[in-house]
């Protein structure tokens, strides 16, 4: 396994009295697509959110253990959280474009980090829209509201927005669950293109999707990471009985 | 049987809608039919001349200007205080913590306090500080009255913004302040509605300004001078036994209604323009 961007050590997450994640240890390999699979409510989304500290604002959440991003523990009280999050693009279940036009949605990330050079922004907006294969569809209406796009286009726009701050990691929380099959295919193809440059962590409950895009898969069940390995290993030769039951359909 | 039940309720709903709508038109009819006759250019362009309240010449420009000053002043001041409160309880404070719950409860209680109590409270403070009735005292008191309205209405608008909108900003490395700006942008229409509600309340309230802003026949030129307001002007004219003066009171209500109407329409247009990028 190559060097890892994110490594999780003895992670425990509690929300109120509930022990949501139990003693997770995980090394995420660099520049690969890693899928976290498991039944609904097993904690896979929580695991994803701990990676960029999006749980912070929820009341009575307690996180124990370490999440190291590039060797830096992001739960260290001294760490600057905006700096951590900038390293990770996030794709949520449904696209949430910002309340502005298409151009500004992509330029926003650059602007909040201080880049206001019009020429540079123009070039970057075009680059990131091309990266997600959206440029040709929107180049004539960059100033129209992002909400006029179809939901599949919006999700690609949100992906481009995430890429605009040059992250190293892309976190996807069931990013295709609201999309039709064609848009889903678009997004999946993008992941395969983008993994040359980014580490992609994907939460999904669609086994076929995990099969189509993943290099590595982690199976999460009842807050525990049951098994982690290459896609081939998890999908075809799982070691644990629970993984076998889930992958071969006895468990849902 | 269920069809009959459905129809009965449908009829009831239509009747209540009609009652309320016709009440509105009845109110408009009353004030316009009684007031339009006395509404002339003098009315809105002159201040009261000596003996105005016993039927001599002049107008209510003092009250129009006073009301506009107080309403604009208090709405601006109210927004300056309310928006940070709403941002704090929605973006910075821990969600559903004791602090946010107590804050929301406080504003619910403040919302229910009658305006005369705010007026009396403002008056007590003024006496304590040795102030006379003034435009400033009126603005501050009306601000106290409308802050709960603004906070509650803006809070409602901000709370319906999906949480993921904030997450999107955080994920780009944005700060809470940057997230707050996006969330406010997303709730522009709600904020305009809040302003409208508080504006209507502020311009129509008599009890708050009675002891604090006072009443005068001249137009205030500084914050320390007393100011007249339309509701009080209406009250004083309507209490007159002279029919001519009473009719002028209705003309003043027409002016008040028109101001509120113009502001409402303008606010709707602005809000529509501003929220075109909203999801």
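Read the figures in this text as sums done on the coordinates, not as results from a lab. The structure presented is a predicted model; accordingly, all values stated were derived computationally and were not measured. Cβ atoms come from the backbone with ideal geometry, glycine included; neighbour counts cover every protein chain shown.
Centroid-to-centroid, using Cα positions, region B:111-144 and region A:133-147 are 53 Å apart.
Working from label points 7 Å from Cα in the Cα-to-Cβ sense, the residue B:68 to residue B:181 distance is 3.3 nm. Normalising by residue count, region B:236-277 has a Cα convex hull of 39 Å³ per residue. Using all pairs of distinct alpha-carbon atoms, the Kirkwood hydrodynamic radius of region B:41-274 works out to 19.2 angstrom.
Among the residues of B:175-184, the average count of other protein chain beta-carbon atoms within 10 Å of the residue beta-carbon is 2. Expressed per residue, the C-alpha convex hull volume of chain A stands at 128 Å³. The mean count of C-beta atoms from other chains within 10 Å of the C-beta of residues in B:122-133, rounded to a whole number, is 0.
In chain A, helical runs assigned H by DSSP with n ≥ 4 each contribute -39500 (n - 2.57); averaged across all residues and rounded to the nearest 500, the mean residue ellipticity at 222 nm is -10000 deg cm²/dmol.
Separation of region B:1-68 and region A:176-247, taken as the distance between their Cα centroids, equals 66 angstrom.
Look at the stretch B:236-246: the mean tally of other chain Cβ atoms within 10 Å of its residues' Cβ atoms is 0.
For the protein assembly as shown, the convex hull spanned by the alpha carbon atoms encloses 230 Å³ per residue.
For region B:179-222, the Kirkwood estimate of hydrodynamic radius, built from reciprocal distances between every pair of different alpha carbons, is 13.2 Å.
Under a Gaussian network description of chain B, with springs only between Cα atoms under 10 Å, the residue in B:103, B:229, B:143 that fluctuates furthest is B:103.
Helix A:181-194 and the longest principal axis of the Cα set of chain A meet at an angle near 90°. For residue B:1 and residue B:129, the difference between the fully extended length at 0.36 nm per residue and the C-alpha to C-alpha distance is 39.2 nm. Three principal axis extents of region B:1-138 based on alpha-carbon atoms, in descending order, are 66, 50, 24 Å. Helix A:151-163 and the long axis of chain A differ in direction by around 90°, with both axes built from C-alpha atoms. Can you tell me which of A:24, A:106, A:200 moves the most in a GNM of chain A? Springs connect C-alpha atoms under 10 Å apart. It is A:24.
The peptide list A:227-236, B:60-69, A:72-81, put in order of mean Cβ contacts within 10 Å with the highest first, becomes B:60-69, A:227-236, A:72-81. Against the longest principal axis of chain A, how steep is helix A:118-131, in degrees 0 to 90 to the nearest 10, with axes from Cα atoms? Orientation of helix A:118-131: about 50 degrees from the principal axis.
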